[in-house]
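A.B. asks: Please see the structure below; I have some questions.
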Amino acid sequence: MTDLLFYRQKRVDGGLRSGIDLNGSPLAEGFREGDEEPNPVLLWYIDLRCSGEHLPHDADKAIEWFRENNDAFTGTLRRTAQELSRTGVDTEALPFRQQFRNLLPGVNVDLVISTLGRPEGRDVAQFLREFADDWLAQLDGLALSADV
Amino acid sequence: MAKRLLDTSLLIPFFRGRRRQYESPTVQDAAAWARELIHIHGDGVIASPVYLEFTCGVDDDQEMSLALAFLDEFENIDGGHISDEDWKIAIQRAQRIFYPGRKRQVVDCLLFAIARRLNCDLKTKDRDLRRRR
């Protein structure tokens, strides 16, 4: 079983980080610095945690795999955003989690969202839409990790 | 991933919540609670100040055994090393009045500094760490 993670997370200082991990180790990452004095506290993070028997094992193929499945992933993000747009998400106790078992053949996908507090929880739908809208640009902007 | 450094404000409520569900938990149970929390957040990284703050809140030997088993499941990213730069940043933060009447916490200041130095993103529920500066 292979675990592949595509994540996006934003910090209090405005810094925005995206990346892909394979089995817990970084494959590729991109970071856009914030415009304020550095503050590492996370405002929110979104994880797309994928697991399956036939997922790619190197950075280039993993990026390509997420690119090829752009429609499936971004469609799911947008639909989930639509569902959450009225209510927001309460992640005070634990992160929000939704499982998708039929998104792609042979792949289990977990969407996990955590926010710093209730104010950000109300804006989760917007974060999901931005993740979807920036999908390909994010993948293009990832730099391969040094230890790949 | 840039490590998601977990703050004490996440660990303690989770530990206490699980602890209440057990009459006589074992150290294996406590280790399993930690692995569950690590799975939830996708990362299991803490820093020395978190370790220190967590253990300072324990008040008997049996609970300490559980706490240590719980904490042992996490990676301590600073390895017990607080650098001169960490102290400098922590002191700077300690000396800032974000809101009149609101005090800073020693652990928060150190954790903030370590996260900055080690390029970690800090996952917390602590209001004081949310201050933008």
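A.B. asks: Identify, from the list A:Asp110, A:Asp90, the residue that is assigned to a strand (DSSP E or B) and among the charged types (D, E, K, R). First the steps, then the outcome.
C.D. replies: On the way: A:Asp90 fails: assigned to a strand (DSSP E or B).
Checking each option against the conditions leaves just A:Asp110.
A.B. asks: Would you call B:Val58 out of contact with any Leu (no Cβ under 7 Å at 6 or more places or on another chain), of a type outside the set (Lys, Arg), more than 25 Å from A:Ser18 (Cβ to Cβ) and modelled with pLDDT of 90 or more?
C.D. replies: Considered against the rule, which asks whether it is out of contact with any Leu (no Cβ under 7 Å at 6 or more places or on another chain), of a type outside the set (Lys, Arg), more than 25 Å from A:Ser18 (Cβ to Cβ) and modelled with pLDDT of 90 or more, B:Val58 comes out as yes.
A.B. asks: While we're on this one: Answer with yes or no whether B:Ser24 is among the polar types (S, T, N, Q) and part of a loop (DSSP other than H, G, I, E, B).
C.D. replies: yes
A.B. asks: Tell me, which residue of the range A:60-97 that is hydroxyl-bearing (Ser, Thr, Tyr) and touching a residue at least 12 places away in the same chain (Cβ under 8 Å) is nearest to the other protein chains (Cβ to nearest Cβ)? Before the answer, list the steps.
C.D. replies: Here is the first cut: in the range A:60-97, the ones hydroxyl-bearing (Ser, Thr, Tyr) are A:74, A:76, A:80, A:85, A:87, A:91.
Pick out the ones that are also touching a residue at least 12 places away in the same chain (Cβ under 8 Å) and you get A:74, A:76, A:80, A:85, A:91.
Details: A:Thr74: 21, A:Thr76: 18, A:Thr80: 18, A:Ser85: 24, A:Thr91: 10 Å.
Only one residue fits best here, namely A:Thr91.
The values are calculated or read from the model by the stated rules, or taken from the named source; none is laboratory data. Everything quoted here is computed from the prediction, not taken from an experiment. Every residue, glycine among them, receives a Cβ derived from its backbone with ideal geometry; neighbour counts consider all protein chains shown.
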